[in-house]
Amino acid sequence: MPLSHGYGVVSGSVQNYYRDPPDNFGKYYHGNLFVGTPAGAYHCAIDVDSKKSNIGVEWRVVKVQAHEIANLTALSSGYHALAANNSSGAIDYIRSPIFAVRLGCLRALLQLLGVTFDIAAQWKRGTSVQALGDLEPLVTTTQTGGLKAMVFGEPFTTGLGLHNVHQNQGDPAGSQWYAENGIWQDGCTLLQQSATEYAAFLNKFTSQSYETDGNGHPL
């Protein structure tokens, strides 16, 4: 099944950002990014901790050229619902060409050489604070430069905002999130860094698989 309340992207300017207050264990759960649109500011809750351990999160920062996402940069400011397919602009960490090809070419080359490709090596693993430490300079560049932010996820049922801004596939059988596994519905924070370059912040949990089937379930 897909996410319960749909999936889409909000495009606009960065109006504000802050971390959640720390809990009793000193961890941070979300980076809260507010994206300005004509309808108002969207509260985008970027989830960077599983709340289960100090190494519950993994993340990658991928540089993306503006011409590679021309269909997304052309979107007007505001929220846009996206169909769960490879032509709508939806994000899939495993299948999106802007992410998967960068892994796929290296993987194919290593396989030809008889070397085992470790997808996990492409991801950083650490605490939520460390993950936010890589995200926040990108947010600052976007905000101070008056550049564009695009955040992908599931819309709030009340008020303007997005949650599930993280990988939304690969949760294991028995997990409470297994039923929401799906392809072409991953959360992502895409932050413009210059006239020609964006930085994509991808975040997942250590329990989620790096490879999934056509239903988004782990292989």
Query - Order of SER194, SER207 - criterion: other Cβ atoms within 10 Å of each residue's Cβ, fewest first - result: SER194, SER207
Report task. Please find the FRET efficiency linking PHE156 to SER77, where r is the Cβ-Cβ separation and R0 is fixed at 25 Å, and quote it to the nearest 0.05. Result -> 0.85
**Report entry** Net charge of Cβ neighbours under 13 Å - reference GLU154; Lys, Arg +1; Asp, Glu -1
**Finding:** -3
Query - Quarter of the Cα convex hull surface for the range 133-219, i.e. its orientation-mean projected area (nm²) - result: 7.1
Query raised in the report: Points 7 angstrom from Cα along the Cβ direction at TRP177 and ASN85: gap in nanometres?
Result: 2.7
**Report entry** Burial order of peptide ranges 6-15, 64-73 (average beta-carbon count within 10 Å, highest first)
**Finding:** 6-15, 64-73
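None of the figures in this text is laboratory data; all of them are computed from the coordinates on show. Here the structure is a predicted model, which means the values were calculated and not measured. So basically every Cβ, Gly included, is an ideal-geometry build from the backbone, and we count neighbours across all protein chains shown.
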